[in-house]
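Enquirer: Once you've had a glance at the structure underneath, I'll fire off some questions.
Just so you know, all these numbers are worked out from the coordinates, no wet-lab data involved. Since the structure is predicted, the reported quantities are computational estimates derived from the model, not experimental observations. Glycine also receives a Cβ, built like all others from the backbone with ideal geometry; neighbour counts cover every protein chain displayed.
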Amino acid sequence: MGLLSKKDSKLILDPLADDNPITIQVLGICSALAITAQLKPSIVMAVSVIFVLGAGNVVISLMRNIIPSKIRIIVQLVVVATLVIIVDQVLKAYAYSLSKELSVFIGLIITNCIIMGRFEAFALANGPWRSFLDGVGNALGYGVILIIVGFFRELLGSGTLLGFKVLGDSVEKTGLYAFGYENNGFMVLPPMALIVIGVIIWVQRSRNKDLIED
Amino acid sequence: MEHIELFFKSIFVDNMIFAYFLGMCSYLAVSKKVATAVGLGAAVIFVLAITVPLNWLLDQYILQEGALKWMGPEYADYDLSFLSFIMFIATIATMVQLVEIVVEKFSPSLYNSLGIFLPLIAVNCAILGGSLFMQSREIATLGLALNYGIGSGIGWFLAILAIAAIREKIRYSNVPAPLRGLGITFIITGLMAIGFMSFGGMLTGGDEPIDDNVETVDGMVNKQKELKTSDLVVETINDTDTK
């Protein structure tokens, strides 16, 4: 970490575990759950949020001294909406089927609470470089959870990863399926996203006792 | 009939929280007490009932491809749908502000009970989600849009009411320490969502043979299939997400 001072690297590393936006700060859960049935959309979502939050934090931080505090929510919404439109248009141009798959959830990045939360809590009070690091750090923390959930749901639910049949072919009974292994179709249904995140929280909090609530 | 069907479908089958996880942030944050949960839930119904029809008008007369025809034939080729995110969120933010001012002026008692929740609502995913789903499902008339807004609002209200009641009770239970608070709430919501999935059969009766060629408004029919054949699950989920 020669590039970053100790304080700066803390901005990136803290949200990855002990100050994770999803499991600790309870922000941005809305979009996190719906698109994690497979790994690929989870990764795309994570990358989109990293872009929007990183860039948005810089923009807000540059404008922080000229935004009247009364209308700051609207200003923030306009900044996020613009960035999200860019993401949406890029996805539509270069990955059309994926953008269909994510449907309204790219649009819902606008109301992702992580973004407004970081704008309010950090970008309005700090310089552009630190805001950028904070934005990228928090988006990474969000992305990590998304990817973990997507990984387990796709692996256990359909026996594939990014579409590759890592466990063998379920129809021709090769690989693991030759021994009578079956996919757990339940994992790809929406409710399991909640339960997987619940289990992640459980594991994280039993490893770090400080995080336990009351 | 169409109205009744859409109404019940948006409350139970396509429940904002249990089927799409929209508005989870405020759902988790404000569900510690039943009284506050009712306040927020009512505010969500209220705002959805206003913004969904309003955004429907915007979509129909400004944003859709060819929607500007009413301004004259030379505008017929315009397609402004890429602006819908920014238009919808601007409408929502403005309406929330407006509703807050109007309610404060005319009904101070309602303002006292809803007041603190209104600003929260501008960034509630359920509100923007309602408008975006209204757009992607191509809801046909203004009446249906209003219906859809109220229906999904009630669905959200029921969900937050239920979880708040459960959380009040669960405080007296012996939950494993690392699961206390957030963890157990997630797992309970998951279990409730499984329960709500059974409403999927409500509108089709559940037993009719399914015609694969029928284009549904969204994943209704596909959901039926998921429950029956686990092998089809992956493909049908893809279908539901794309529509």
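Enquirer: Under the classification rounded if a/c is under 1.5, otherwise prolate if a/b is larger than b/c and oblate if not, where does the stretch A:1-150 fall, given a ≥ b ≥ c as square roots of the Cα gyration tensor eigenvalues?
Expert: oblate
Enquirer: Moving to a separate point now. Calculated FRET efficiency, B:Ile166 and B:Ala76, Cβ-Cβ r, R0 60 Å, to nearest 0.05?
Expert: Numbers: r = 53 Å, r/R0 = 0.89.
The calculated FRET efficiency here is 0.65.
Enquirer: Which distance in nm do the two modelled labels at B:Val38 and B:Glu138 give, with both placed 7 Å along the Cα-to-Cβ direction?
Expert: Spacing of the two 7 Å Cα→Cβ label points: 4.2 nm.
Enquirer: Helix-only estimate, please: 222 nm mean residue ellipticity of chain A, summing -39500 (n - 2.57) across DSSP H runs of length 4 or more and dividing by its residues, to the nearest 500. Let's see the in-between values first.
Expert: Working: 9 runs with 128 residues, N = 214.
Computed mean residue ellipticity for chain A: -19500 deg cm²/dmol.
Enquirer: In a GNM of chain A with a 10 Å cut-off on Cα contacts, which of A:Gly159, A:Gly143, A:Gly198 has the highest mean-square fluctuation?
Expert: Top of the fluctuation ranking is A:Gly198.
Enquirer: For the stretch A:66-214, what class follows from the C-alpha gyration tensor (a ≥ b ≥ c being the square roots of its eigenvalues): rounded when a/c is under 1.5, otherwise prolate if a/b is larger than b/c, else oblate?
Expert: oblate
Enquirer: If you don't mind, there's one more thing I want to ask. Just counting partner chain Cβ atoms within 10 Å, what average do the residues of peptide B:61-74 show around their Cβ?
Expert: 0
Enquirer: Net charge within 14 Å of B:Gly143 by Cβ-Cβ distance, Lys/Arg positive one each and Asp/Glu negative one each, not counting B:Gly143 itself?
Expert: -2
Enquirer: How would the protein assembly as shown be classified by its alpha-carbon gyration tensor: rounded, prolate or oblate, with rounded meaning a/c under 1.5 and the a/b versus b/c comparison settling the rest?
Expert: It comes out rounded by the Cα gyration axes.
Enquirer: So which helices of chain A fit the span-like rule, where a helix is a whole DSSP H run, its Cα atoms reach 18 Å or more along the axis, and its mean Kyte-Doolittle is at least 1.0? Before the final figure, lay out the partial values.
Expert: On the way: long enough: A:39-63 (36 Å, 1.92); A:72-94 (33 Å, 1.80); A:128-158 (43 Å, 0.90); A:190-207 (27 Å, 1.13).
Long hydrophobic helices here: A:39-63, A:72-94, A:190-207.
Enquirer: Points 7 angstrom from Cα along the Cβ direction at A:Ser97 and A:Ile74: gap in nanometres?
Expert: About 4.3 nm separates the two model spin labels.
Enquirer: Specify the inter-centroid distance of the stretch B:61-96 and the stretch A:126-200, based on alpha-carbon positions, in whole Å.
Expert: Answer, in whole Å: 37.
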